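To keep things clear, I will list the structure first and then write my remarks on it.
The values are calculated or read from the model by the stated rules, or taken from the named source; none is laboratory data. Because the structure is predicted, anything quoted here is derived from the model rather than measured. Cβ coordinates were reconstructed from backbone atoms using ideal geometry, including for glycine residues, and neighbour counts include every protein chain displayed.
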Amino acid sequence: MTATQDLIVPSFDDEVETDRTLAIICSKGSLDMAYPGLILGNAALGEGVNVHLFFTFWGFDIITKGRMEHLKFSPVGNPAAHIPAALAPVPGMTSMATHMMHKSLDDLEIPEVPEFLEIIKASGAHVWACKLSADMNHLSEGDLWDGVDGIINATEFIEMTDGAQLLFI
Amino acid sequence: MTATQDLIVPSFDDEVETDRTLAIICSKGSLDMAYPGLILGNAALGEGVNVHLFFTFWGFDIITKGRMEHLKFSPVGNPAAHIPAALAPVPGMTSMATHMMHKSLDDLEIPEVPEFLEIIKASGAHVWACKLSADMNHLSEGDLWDGVDGIINATEFIEMTDGAQLLFI
Amino acid sequence: MTATQDLIVPSFDDEVETDRTLAIICSKGSLDMAYPGLILGNAALGEGVNVHLFFTFWGFDIITKGRMEHLKFSPVGNPAAHIPAALAPVPGMTSMATHMMHKSLDDLEIPEVPEFLEIIKASGAHVWACKLSADMNHLSEGDLWDGVDGIINATEFIEMTDGAQLLFI
């Protein structure tokens, strides 16, 4: 087992149920910003933390069938991607950057997004879709990944996160 | 009342005062990233949660007169906007994408940003402007939306958020 | 001492040790998004709060030697930067925008990123590098800023932040 793998497949041997809850709002739908919520949620589950993932705004793509398998990474506007600003919008650059990121993730044995969602769902994560985002995208439950627990509005999200640690990604 | 409307006009019938506090740091000034703080803050107010909104960095535009009415949405660098990377920087694309987002929000009866700020202020939100951002923009209280409670620095923000749930948008 | 300086050099005269902890995940590597974590962390330290900074994803650049001194600001895709979308990707625009931001920060006596890191480290901040990001960048401890306390994985980050207030930047 590599050093990286233990990020992805946490050991549950020493899992102790806690009353700690981590609620992660996933608002970005690019390939690079899909991973922080999955990795942190996965790590928290491995520590016995209750995890809620709430997919909203651009992050709705991460749980939408036909989109979740094809998230893209754009280096445009991100100087930390170290691609010259003049090159970044060139046709084909998004495809190339996305391809390179997939390879980089694969080298570290990090699962693709749909597989990663299956893993954290199997580990007990609660997965929620935002009602407003569903309405804006004209999508309903049938359009979403089967692991989604339900479509909820912001009020319901607030109700279920009393006492939780929050992250907005 | 539509399903979406109850995101915007929460019922206060069952409001119970709690000691729960949600403090939202709004650091982005684009039209799309102005809404998450307003929607989540609004929902929290409806549940009796104390809400602080702290506008800083690029998010300072959201409470600046003459700018708050004209926030723009750019699809550049956001692959989840589903506009080809090569088209996104074309002149007029920001205006077109902004226009389409306004229409999409309007269809769901979601208020424009200035009106939305009025609503959450009337519901008891505390609205703060960041001192450093004011200095960087060479702006003072007269340049800001009338609903701003004051200009505070990061130290004051830390002091008032002891025990709060935090979000950085 | 100017009004802005007290954001940067908090008074420790009235510091009271608390059991409050603030853990900030720094995931962006652009010059503008490097500062929120440093400024909020610095302010929290001044109030006696325990501060953990976790540098991950694009934010890994902020603690990488040879990169941390040259963070760039790109106005591309950020309409709040008020640079026309058609001009933003022009060659030289990133350099010019970065230069202007450095000047603006310098006018307010805000330290450059490496100096700012030294200040908050001297004030007691815990600085962590993400294992997965190190692997993706093919970097090890010798490549990182000397002030880094260690390279940790997401599980270790979750373990050390039980009860903390969290921010994802």
Practice prompt. Check the range A:146-153 and report whether any residue there is within 14 Å of chain C (Cβ to nearest Cβ) and within 20 Å of B:Asp32 (Cα to Cα).
Written response: no
Worksheet item: Would you pick out the residues in the range B:112-141 that are outside any helix (DSSP H, G or I), in contact with a Leu (Cβ under 8 Å, 6 or more places away or on another chain) and buried (at least 17 other Cβ atoms within 10 Å of the Cβ)?
Response: B:Ser123, B:Ala125, B:His126, B:Val127, B:Trp128, B:Ala129
Discussion item. Residues that are at pLDDT 95 or above, aliphatic (A, V, I, L, M) and either in contact with a helix residue (DSSP H, G or I) (Cβ under 7 Å, 6 or more places away or on another chain) or surrounded by 20 or more Cβ atoms within 10 Å (Cβ to Cβ) (or both): does the range A:67-85 have at least one?
Written reply: yes
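Quick grid of which residues meet (1) touching a residue at least 60 places away in the same chain (Cβ under 8 Å); (2) closer than 28 Å to A:Thr18 by Cα:
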{"residue": "A:Tyr35", "(1), (2)": "yes, yes"}
{"residue": "A:Gly46", "(1), (2)": "yes, yes"}
{"residue": "A:Val49", "(1), (2)": "no, yes"}
{"residue": "A:Thr56", "(1), (2)": "yes, yes"}
{"residue": "A:Leu71", "(1), (2)": "no, no"}
Worksheet entry | Positions within the range A:79-111 being part of a loop (DSSP other than H, G, I, E, B), of a type outside the set (Asp, Glu) and touching a residue at least 12 places away in the same chain (Cβ under 8 Å), in sequence order | A:Ile83, A:Ala88, A:Pro89, A:Leu108, A:Ile110, A:Pro111
Practice prompt. Return yes when B:Asp135 is at negative phi and either within 11 Å of chain A (Cβ to nearest Cβ) or touching a residue at least 60 places away in the same chain (Cβ under 8 Å) (or both) and no when it is not.
Written response: no
Worksheet item: Does C:Pro79 qualify as being out of contact with any Lys or Arg (no Cβ under 9 Å at 6 or more places or on another chain), of a type outside the set (A, V, I, L, M) and within 11 Å of chain B (Cβ to nearest Cβ)?
Response: no
Worksheet item: Among (1) free of Cβ contacts under 8 Å to residues at least 24 places away in the same chain; (2) closer than 28 Å to A:Asp162 by Cβ, where does B:Glu141 come up short?
Response: (2)
Worksheet entry | A:Leu105 vs. criteria touching an Asp or Glu at 6+ places or on another chain (Cβ under 9 Å) and within 14 Å of chain C (Cβ to nearest Cβ) | yes
Response to the item:
Filtering the range B:110-130 down to residues that are at the interface with another protein chain (Cβ under 10 Å from one of its Cβ atoms) and either among the polar types (S, T, N, Q) or more than 16 Å from B:Lys65 (Cα to Cα) (or both) yields B:Ile110
Worksheet item: Is one or more of the residues making up the range A:1-20 in a strand (DSSP E or B), at pLDDT 90 or above and either in contact with a Gly (Cβ under 8 Å, 6 or more places away or on another chain) or of a type in the set (A, V, I, L, M) (or both)?
Response: no
